[in-house]
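Below: one structure, written as structure tokens.
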Amino acid sequence: MVRQKTVCIIGAGVAGLVAAKTFAARGHRVIILERSGDLGGVWEPARSYPEIQTQSPKDLYRYTDKPMPDSYPEWPNGPQVHAYLTEYAKDHGLMPQMRFNSTVVGMARRNSGIPGWLLEIRTSDGNVTREEFDFVAACTGQFNEPQTISHPGEDAFKATGGKILHSAQHTDASIVKGKKVVILGGSKSATDIAVNSVNAGASEVTLVYREPVWRIPYFIGGLVNFKRILYIRAQEEMFRSWGIGAMSRAAHAIAKPLVWAARDMAPMPQLQLKLKKCGMVPEQRIEDGINCSVPIVTPEFFPMVADGRIKAIRGTFAPYDSKTIVMTGGERVAADVAILAIGFKLGVPFLPEAYRNKLVEPDGQYRLYRVIANPDLPDMGFVGFNSSFCTVLCAEMAANWLVRYCDGQLANQPSAAEMYRNMDMMLHFRRVERPAAGVYGGLCVAPYHFKHFDELLADMGATIRRRSPLVEKFTPPDADAYARFLASAPDYKVEAA
């Protein structure tokens, strides 16, 4: 029998909720620590910019045991996703285990020498308490701590009434009405905020970006939902993956013409999105840019750039100068509000430095077996760090793998030596064979989400891993199918302590 454990889940976003549900379903005692005052992570209303919506269609942004409501649109908005996550937490009885306004500020191995961790937890009143756990699941993900940046002249800009906000702080569209707005960044959040600012009545909107990138329209050619091209196994096989043998190399060679075809299709999004007219044609080959950082097109963005409602400037901020922002190219842009859509820091600041050094390489690449665990961090794992085009399913698969790893119940329970070899192989793959796979610290499994799921299911001992050949090859991942796959893995319950 497997001993019941007290498990700490750090974070109450998409990953934390499914990790808590999965560990509790096996019989473990679960506590969820969330530093903010609400669940939802990036979907928490207090940190969501106006008109935020999913990049993935709703059938690919759901848990296996809970479809999104039929009334939701194909791409749900922020309040809808938050409501869905809240209902999921209630469905699985997670609310009583939730501790809001509780920030993990440090952790160390138990002094007693028994397995587990001692966590330092800061509460809303500023007090720090210490609590022991048998196992810790870090579910803070890749969008946890806003990235910071500063430029000379900020204080003078603010003194004249200027506002500088990170995109996570921009929650009220009314502040841009009648204002000159400058957005720094080229991600989907940046283009969303630019479009929203125009629609909210900003007097001028400028987007400042470093370089043009390939973006995926919701409907390719205006007709085909991008999930039917970008999210299928046939597309994934266009790209040579890690650890492949002779047969896989042959399959990749057969699929190579599809790569060339994709490259030849590059003019299609150029024409559809008017990239040349906007002066935003990417310089890199389209196949080299497929990873988790590929943004979905904000529908009105390129038309607004083309007709001048949004001015797009290539470069970045230099100094602020009173009520203007000087660009690296010397151009001066009048501004009342600067919104920094520059992303988030990737990290685990609560880990002691000695453990962070075992987890993160000097170049920022993470050492995680299956993007979930590291043998040098015992009694600990990561859920939601395995980012992909199917964020929710990735988190659920990781949670199911991690609870079995924690309990020694994987059908293929890896030894430390096997984990080290695999992590070294994956580091080589990301650094040498496909550098595009190194974005976000190498934690992006796209475009290889099917292969990633295959590995996790094999480790768990699932007896069903595929649908019919044609369906499997040419349709996106199906949450209901993955519910069946997970149910085919050996079942067990822990013994109460």
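The values are calculated or read from the model by the stated rules, or taken from the named source; none is laboratory data. A quick note: this is a predicted structure, and the numbers were derived from the prediction, not measured. Note that we place each Cβ from the backbone using ideal geometry, even for glycine, and neighbour counts take in every protein chain shown. Each accessible area value is taken on the protein alone, full model and side chains, heavy atoms only, with ligands, DNA and RNA left out. Shrake-Rupley method; radii C 1.70, N 1.55, O 1.52, S 1.80 Å.
A compact table of results
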{"item": "Residues being free of Cβ contacts under 8 Å to residues at least 40 places away in the same chain and either open to solvent by less than 20 Å² (accessible area, probe 1.4 Å) or more than 28 Å from PRO362 (Cβ to Cβ) (or both) - total across region 414-454", "result": "1"}
{"item": "Residues located in region 99-111, provided they are open to solvent by less than 60 Å² (accessible area, probe 1.4 Å) and of a type outside the set (D, E, K, R)", "result": "SER102, THR103, VAL104, VAL105, GLY106, MET107, ALA108"}
{"item": "Residues of region 343-354 that turn out to be outside any strand (DSSP E or B) and open to solvent by 50 Å² or more (accessible area, probe 1.4 Å), as a count", "result": "4"}
{"item": "Residues of region 222-232 that turn out to be in a loop (DSSP other than H, G, I, E, B) and either among the β-branched types (Val, Ile, Thr) or in contact with a helix residue (DSSP H, G or I) (Cβ under 6 Å, 6 or more places away or on another chain) (or both), as a count", "result": "1"}
{"item": "Residues being touching a Phe, Trp or Tyr at 6+ places or on another chain (Cβ under 7 Å), within 19 Å of THR140 (Cα to Cα) and in a loop (DSSP other than H, G, I, E, B) - total across region 39-75", "result": "1"}
{"item": "Tally of residues being surrounded by 16 or more Cβ atoms within 10 Å (Cβ to Cβ) and either more than 21 Å from the chain's Cα centre (by Cα) or part of a loop (DSSP other than H, G, I, E, B) (or both) across region 76-98", "result": "5"}
{"item": "Boolean, ALA19 is surrounded by 23 or more Cβ atoms within 10 Å (Cβ to Cβ), closer than 28 Å to ALA341 by Cβ and modelled with pLDDT of 95 or more", "result": "no"}
{"item": "Check on THR298, at pLDDT 95 or above, surrounded by 17 or more Cβ atoms within 10 Å (Cβ to Cβ) and among the hydroxyl-bearing types (Ser, Thr, Tyr)", "result": "no"}
{"item": "Residues within region 356-366 that are closer than 24 Å to GLY41 by Cβ and either open to solvent by 50 Å² or more (accessible area, probe 1.4 Å) or assigned to a loop (DSSP other than H, G, I, E, B) (or both), tallied", "result": "3"}
{"item": "Hits in region 419-454 (condition: among the small types (Gly, Ala, Ser) and in a helix (DSSP H, G or I))", "result": "ALA436, ALA437, GLY438, GLY441, GLY442"}
{"item": "Strands (runs of 3 or more DSSP E) wholly inside region 112-207 that include at least 1 residues being out of contact with any Ser or Thr (no Cβ under 6 Å at 6 or more places or on another chain), among the small types (Gly, Ala, Ser) and open to solvent by less than 50 Å² (accessible area, probe 1.4 Å)", "result": "135-138"}
{"item": "Failed item in (1) within 30 Å of GLY27 (Cα to Cα); (2) outside any loop (DSSP other than H, G, I, E, B), with ASN412 passing the rest", "result": "(2)"}
{"item": "Failed item in (1) open to solvent by 40 Å² or more (accessible area, probe 1.4 Å); (2) of a type outside the set (Phe, Trp, Tyr); (3) assigned to a helix (DSSP H, G or I), with GLN235 passing the rest", "result": "(1)"}
{"item": "Condition check for MET397: surrounded by 13 or more Cβ atoms within 10 Å (Cβ to Cβ), among the aliphatic types (A, V, I, L, M), over 22 Å from LYS66 (Cα atoms) and out of contact with any Pro (no Cβ under 7 Å at 6 or more places or on another chain)", "result": "no"}
{"item": "Candidate set: region 455-495, residues that are among the β-branched types (Val, Ile, Thr), more than 18 Å from LEU402 (Cβ to Cβ) and not in a helix (DSSP H, G or I); chosen: the one least open to solvent (accessible area, probe 1.4 Å)", "result": "THR475"}
{"item": "Cβ pairs under 9 Å, 6+ apart, first in region 1-26 and in a helix (DSSP H, G or I) and of a type in the set (Lys, Arg), second modelled with pLDDT of 95 or more and open to solvent by less than 10 Å² (accessible area, probe 1.4 Å)", "result": "LYS21/TYR63; LYS21/TYR88; LYS21/ALA89; LYS21/LEU94; LYS21/GLU396; LYS21/ALA399"}
